[in-house]
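Here the structure comes first, spelled out in structure tokens, and everything after it is commentary.
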Amino acid sequence: QRLKKSQLKKLKLNYFLMHLKNSKIIVIKIGSSLLIDKDKKIRKKWLYEFSKDIKELLDENKKVIIVTSGAIAMGCKKLNLNKKNLKLDKSQAIASIGQIELMNLFSKIFSKYKLNISQILLTLQDTEERRRSINAKRTFDNLFKLNYIPIVNENDTIATSEIKFGDNDRLASRVAQITNADTLILLSDVDGLFTKNPKKFKDAKLIKEVRDFKDIKNVDIKGITQFGSGGMNTKIEAAKICNLAGCDMVIANGLNLNPITQIEKSNVCTWFISKITKLHARKKWILSSISPKGELIIDEGAKKALVNGKSLLAAGIKKVSGKFNKGDHIKILDIKRKEFARGLSSFSSG
């Protein structure tokens with residue numbers, strides 16, 4: 001109670017810094033707007049300063065993964081095309097061209113600090129299917145041993161609208177979950193999550209810390225989705241995935257030069273502090289599924305059995321919804337159609 005405001009602020013800053021300092025694996029997501037400005041010019045100065053931040057993290061013996069957007073934007077720049085109104089098949093071809101430009105850009109700038117980079121292209125199925133997600137983790141682990149920085153992007157060249165993450169916020173959260181990362185940093189074009197849209201309302205306040213998603217249920221996220229590469233809604237969804245995986249997440253302004261250093265200096269950002277979970281990796285992976293294939297509606301007796309750790313028997317299933325195969329993710333709903341569990345189906349929907 002006797003602490004002055006300045007002392008309290010410093011104490012809280014140190015508290016959040018401990019989360020970052022104690023992190024062994026850090027995933028950093030950057031959007032295309034951070035790489036290319038409104039005039040379609042590459043923000044080379046920003047990227048040089050960002051690479052300096054990465055070098056400092058590696059010097060502290062941290063493992064770093066970068067999830068980046070920008071393949072389609074770089075392709076459009078190369079071909080002098082407008083990104084808007086592109087059809088899916090053409091955007092896939094442009095992503096193929098732009099991906100090379102994107103990786104060449106990272107390679108050229110990161111080489112200044114002798115940083116080695118590698119490329120990993122993922123689809124939704126690579127994280128949704130257990131065997132493929134384990135294979136991806138092994139690749140990340142081996143790249144760390146070789147002292148290479150994995151640079152991840154969604155494989156836009158083959159992903160269709162049905163099998164896309166749709167945003168790199170959730171892709172980054174799944175990468176964090178697969179690799180058992182300690183912290184995910186989402187670099188956005190705002191300082192973090194506000195009580196309302198700060199571009200419209202002067203009395204909007206930055207929410208510094210979220211420990212329970214119930215605390216932000218009254219925040220008008222819809223009014224905030226117009227800014228930020230994936231919208232604030234996708235960032236909240238990413239935070240929920242991280243929360244289940246025991247990974248802290250921070251939303252910070254990436255437009256600043258040396259954005260990681262700025263987090264450490266000022267802590268002007270929003271931290272989502274994960275709850276301690278005892279769930280093992282397989283259960284975390286099931287819970288974090290982005291696209292369950294179907295639903296089972298079960299009766300009260302079956303629900304009670306599941307809550308008590310028993311198996312789900314066919315007699316307790318009242319209805320099957322959706323089309324799924326053996327081994328697919330499914331939702332379990334009670335008779336009021338409220339989801340209370342997830343699982344891997346032992347049978348196909350048929």
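Structural remarks
- Any hit, the stretch 120-140, residues being touching a Pro at 6+ places or on another chain (Cβ under 7 Å) and either in contact (Cβ under 8 Å) with a residue 60 or more places away in the chain or under 21 Å from Lys29 (Cα atoms) (or both): yes
- Looking only at residues of the stretch 286-310 that are modelled with pLDDT under 90 and in contact with a helix residue (DSSP H, G or I) (Cβ under 7 Å, 6 or more places away or on another chain), we find that the one that is most open to solvent (accessible area, probe 1.4 Å) is Leu287.
- Put simply, of Ala181, Ala176 the only residue that is assigned to a helix (DSSP H, G or I), touching a strand residue (DSSP E or B) at 6+ places or on another chain (Cβ under 6 Å), at pLDDT 90 or above and closer than 30 Å to Ala95 by Cβ is Ala176.
- Scan of the stretch 321-350 for residues that are under 19 Å from Glu300 (Cβ atoms), over 29 Å from the mean Cα position of the chain (by Cα) and surrounded by fewer than 17 Cβ atoms within 10 Å (Cβ to Cβ), ordered by number: Ile335, Lys336
- Selection within the stretch 263-279 - open to solvent by 40 Å² or more (accessible area, probe 1.4 Å) and modelled with pLDDT of 70 or more: Glu264, Lys265, Ser266, Val268, Lys275
- Verdict on Ser349 being polar (S, T, N, Q), farther than 17 Å from Asp169 by Cα and assigned to a strand (DSSP E or B): no
- Scanning the stretch 176-198 for residues that are among the hydrophobic types (A, V, I, L, M, F, W, C) and over 16 Å from the mean Cα position of the chain (by Cα) gives Val190, Phe194.
- Residues located in the stretch 311-320, provided they are surrounded by 14 or more Cβ atoms within 10 Å (Cβ to Cβ) and not in a loop (DSSP other than H, G, I, E, B): Gly316, Ile317, Val320
- Looking only at the stretch 3-53, residues that are modelled with pLDDT of 80 or more, surrounded by fewer than 17 Cβ atoms within 10 Å (Cβ to Cβ) and in contact with a Ser or Thr (Cβ under 7 Å, 6 or more places away or on another chain) come to 0 in all.
- Considering residues of the stretch 143-162 that are part of a helix (DSSP H, G or I) and modelled with pLDDT of 80 or more only, the residue most open to solvent (accessible area, probe 1.4 Å): Lys145
- If you filter the stretch 69-117 down to residues that are closer than 23 Å to Phe50 by Cα, β-branched (Val, Ile, Thr) and without any contact (Cβ under 8 Å) to a residue 60 or more places away in the chain, you find that the one that is least open to solvent (accessible area, probe 1.4 Å) is Ile117.
- Among residues of the stretch 33-58 that are within 18 Å of Val190 (Cα to Cα), those with a Cβ under 8 angstrom from a residue that is among the small types (Gly, Ala, Ser) and in a helix (DSSP H, G or I), sequence gap 6+ or separate chain, pair up as Leu35/Ala73; Ile36/Ala73.
- Hits in the stretch 33-50 - residues which are polar (S, T, N, Q) and under 16 Å from Asn104 (Cα atoms): none
- In the stretch 222-262, the qualifying residues are those that are aliphatic (A, V, I, L, M) and open to solvent by 30 Å² or more (accessible area, probe 1.4 Å), and the one that is modelled with the lowest pLDDT is Leu244.
- Among the criteria (1) open to solvent by less than 90 Å² (accessible area, probe 1.4 Å); (2) part of a helix (DSSP H, G or I), the one Lys283 does not fulfil is (1).
- Only listed residue being in contact with a strand residue (DSSP E or B) (Cβ under 7 Å, 6 or more places away or on another chain), at pLDDT 90 or above, under 22 Å from Ile290 (Cα atoms) and surrounded by 16 or more Cβ atoms within 10 Å (Cβ to Cβ), chosen from Phe165, Phe140: Phe140
The values are calculated or read from the model by the stated rules, or taken from the named source; none is laboratory data. Predicted, not measured: the structure shown is a model, and the values here were computed from it. We place every Cβ from the backbone using ideal geometry, glycine too, and count neighbours over all the protein chains shown. SASA here: full protein model, heavy atoms, side chains in, ligands and nucleic acids out. Shrake-Rupley method; radii C 1.70, N 1.55, O 1.52, S 1.80 Å.
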